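See below for the structure under consideration.
The values are calculated or read from the model by the stated rules, or taken from the named source; none is laboratory data. Remember, it's a predicted structure, so these values are computed and weren't measured experimentally. Don't worry about glycine lacking a Cβ; one is built from the backbone with ideal geometry, like all the others, and counts go over all protein chains shown. Protein only, heavy atoms only, side chains kept; ligands, DNA and RNA dropped before computing areas. Shrake-Rupley method; radii C 1.70, N 1.55, O 1.52, S 1.80 Å.
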Amino acid sequence: MRRIGTGDKIRALGAMSGTSLDGVDAAIIETDGETVFGFGESAYRPYSETEREVLRAALGRWDGAEVEAAAEVVETAHAEILSRFDDIDLIGFHGQTFAHDPRGRGTHQAGSGAILAEALGLPVVWDFRSADVRFGGEGAPLAPFYHFALARFIEARAPLAFLNLGGVGNLTFADPGFARPETEGALLAFDTGPANAPVNDLLQTRLGRALDEDGALAARGEVNDAVVARFLQHPHFFRMAPKSLDRDAFAALAGEVATLSDADAAATLTACAAASVMRGMELCPAPPERLLVTGGGRRNPVMMAMIAAGCDCPVLPVEEAGLDGDMLEAQAFAYLAVRVARGLPTSAPGTTGVRAAVGGGTLSRPGELAVALG
């Protein structure tokens, strides 16, 4: 791959498979790893129910037959969707997070970028989180550097916040007045708490459905305030940011709503997600001008209304700013891949708590795996 310089327009393709386990997003952006110049095509490849079962079996695991089977599903699905794109310079591959324990065993994203580089014949940047964890960081969230670039792309003039409502929620406070994302004060980021994962798991377990479409079930229920109050006593809410979560860090919520009706349980879990966002907004170093929401949760009008009711600024889907909320995470890893290729940092003390700004990621080129195996 040619050397990338400031201002070079690289067509990078990013892929993201989130903790909601719904499928793989893939999207192209044009960037030099600092400025976003524009966006290209995108695609979505859903996981089948059989594939989801294989992935669920690996959640919380670090190794073993279940993890090997799940990694194969991840690699196959990604190779399938990424092969649909043409005229690509570089790929950013996040992999599927099965376990996240930054102060213990580390972080585990299944899927090999080296295998994808061989299959696709293109350079692939992957394993974005491990270096950050090795240097004392949480390893998550990693999209904030891209959020900073987007704040400049949309020509924001005041600090704003990005909220991703995936399986887990994460919040980025971004001040576009700074020159670089790694500068102290430019960014503060952290996981807010559970978002869609508990609701999705409830619907899957009780009704055999993947999600609460349009929040329809939650809209018919009543929130159990006592459950929400107990939820907010979790130690996570008393930690300072940056901080991160495993997808199942709040697994006890399932027991908290076990005796509630389907509708009341969905309403209560949705309220927990919203309450965690409200608590997170209190950590912003200054009042953000607006809260731009990305991820699947922005399509849940009940969750969005609950968040808006507790915030002092407009709460808007990112589409209101001309961005693509379905593909923003995939775009982020395309952007980060270019930064890795240029040797630029991808996380900083304000985003993951790492001791100093660090660049994560491994760059695998076609042919390297064959040489290693030979």
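Kindly indicate whether F238 is touching a residue at least 12 places away in the same chain (Cβ under 8 Å) and either loosely packed, with under 13 Cβ neighbours inside 10 Å or in contact with a strand residue (DSSP E or B) (Cβ under 8 Å, 6 or more places away or on another chain) (or both). The answer is no for F238. Scanning the range 281-307 for residues that are closer than 13 Å to L165 by Cα, of a type in the set (G, A, S) and in contact with an Asp or Glu (Cβ under 9 Å, 6 or more places away or on another chain) yields a count of 2.
Against the list (1) touching a Phe, Trp or Tyr at 6+ places or on another chain (Cβ under 9 Å); (2) farther than 19 Å from L292 by Cβ, the condition D201 fails is (1). Suppose the filter is within 21 Å of the chain's Cα centre (by Cα), hydroxyl-bearing (S, T, Y) and not in a helix (DSSP H, G or I); does S276 pass it? Considered against the rule, which asks whether it is within 21 Å of the chain's Cα centre (by Cα), hydroxyl-bearing (S, T, Y) and not in a helix (DSSP H, G or I), S276 comes out as no.
Among residues of the range 109-125 that are in contact (Cβ under 8 Å) with a residue 60 or more places away in the chain and closer than 26 Å to P141 by Cβ, those with a beta-carbon under 6 Å from a residue that is among the small types (G, A, S) and assigned to a loop (DSSP other than H, G, I, E, B) at least six positions away or on a different chain give the pairs V125/G361. So which residues in the range 254-278 are touching a residue at least 12 places away in the same chain (Cβ under 8 Å), of a type in the set (A, V, I, L, M) and out of contact with any strand residue (DSSP E or B) (no Cβ under 7 Å at 6 or more places or on another chain), if there are any at all? Listed by number, the residues that qualify are A254, V257, L260, A263, A265, A266, A267, L269, A271, A274, A275, M278.
Restricting G280, G255 to those that are closer than 19 Å to G310 by Cα, modelled with pLDDT of 95 or more and not hydroxyl-bearing (S, T, Y) reduces the list to G280. Going through D248, D225 one at a time, which residue ends up being farther than 20 Å from L163 by Cα and open to solvent by 50 Å² or more (accessible area, probe 1.4 Å)? Checking each option against the conditions leaves just D225.
Conditions tested, residue by residue: (1) surrounded by fewer than 23 Cβ atoms within 10 Å (Cβ to Cβ); (2) more than 17 Å from A143 (Cα to Cα).
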{"residue": "I154", "(1), (2)": "yes, no"}
{"residue": "A161", "(1), (2)": "no, no"}
{"residue": "N164", "(1), (2)": "no, no"}
{"residue": "P176", "(1), (2)": "yes, no"}
{"residue": "R180", "(1), (2)": "yes, no"}
{"residue": "T183", "(1), (2)": "yes, no"}
{"residue": "A189", "(1), (2)": "no, no"}
{"residue": "N196", "(1), (2)": "no, yes"}
{"residue": "L202", "(1), (2)": "no, yes"}
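If you check E329, E320 for being of a type in the set (D, E) and free of Cβ contacts under 8 Å to residues at least 40 places away in the same chain, only one passes: E320.
Taken together, E53, E80 contain a single residue that is in contact (Cβ under 8 Å) with a residue 12 or more places away in the chain and not β-branched (V, I, T), which is E80.
Got at least one residue in the range 204-213 being crowded, with 24+ Cβ neighbours inside 10 Å and in contact with a strand residue (DSSP E or B) (Cβ under 7 Å, 6 or more places away or on another chain)? No, every residue in the range 204-213 fails to be crowded, with 24+ Cβ neighbours inside 10 Å and in contact with a strand residue (DSSP E or B) (Cβ under 7 Å, 6 or more places away or on another chain). Restricted to the range 251-289, and to residues there that are charged (D, E, K, R) and open to solvent by 50 Å² or more (accessible area, probe 1.4 Å), the residue that is nearest to R230 (Cα to Cα) is E256. Inside the range 109-144, residues that are crowded, with 24+ Cβ neighbours inside 10 Å and aromatic (F, W, Y) make up a count of 2.
Selection of strands (runs of 3 or more DSSP E) fully inside the range 1-93 by the criterion of at least 1 residues being of a type in the set (F, W, Y) and surrounded by 17 or more Cβ atoms within 10 Å (Cβ to Cβ) returns 36-46.
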